[in-house]
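Student: This is the structure, below, for whatever I ask next.
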Amino acid sequence: MSRDAGRRPELIDAVLGPAGPQLTCDACFERLDRYVELELAGHDADAMVPGMRSHLIGCPACGEDHASLRALLRADCEDASPARPAR
C-alpha cells in the first residue's frame, strides 16, 4: 500500500477543484476586504461571498493575502479597543 493511499480523497479534490462556485484571483482581490470584515464580525462570510473559501484553499497567493489581512485587521481591532481598568 502506498503512503499516499490515506490522502487519496484529498489529492483527488485538489486535482478536480471545488464543486461549488469559483472566483478568479481578481474577483478574490476585489472581495477580500469585505470577506475578512464579515469573518471578524462573526458573520457567515462563506455564505455572503460564495466561492471565496474554495479559492483561498486552492490559491496559495490569495490564501496568504487573506491570512495577512486577517492578522492586520485583528491587530487594528485590538489596538482600537478601550483599555480595561486594572483590578
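Student: Cβ under 10 Å from Asp46's Cβ, Asp46 left aside: what net charge do those residues give with Lys, Arg +1 and Asp, Glu -1?
Tutor: My count for the surroundings of Asp46 gives -1.
Student: Which net charge results for the neighbourhood of Glu30, defined as the other residues with beta-carbon distances under 14 angstrom from its beta-carbon, given Lys and Arg at +1 and Asp and Glu at -1?
Tutor: -2
None of the figures in this text is laboratory data; all of them are computed from the coordinates on show. Just so it is clear, the structure is predicted and the values come from calculations on it, not from any experiment. Cβ: placed from backbone, ideal geometry, glycine included. Neighbour counts: every protein chain shown.
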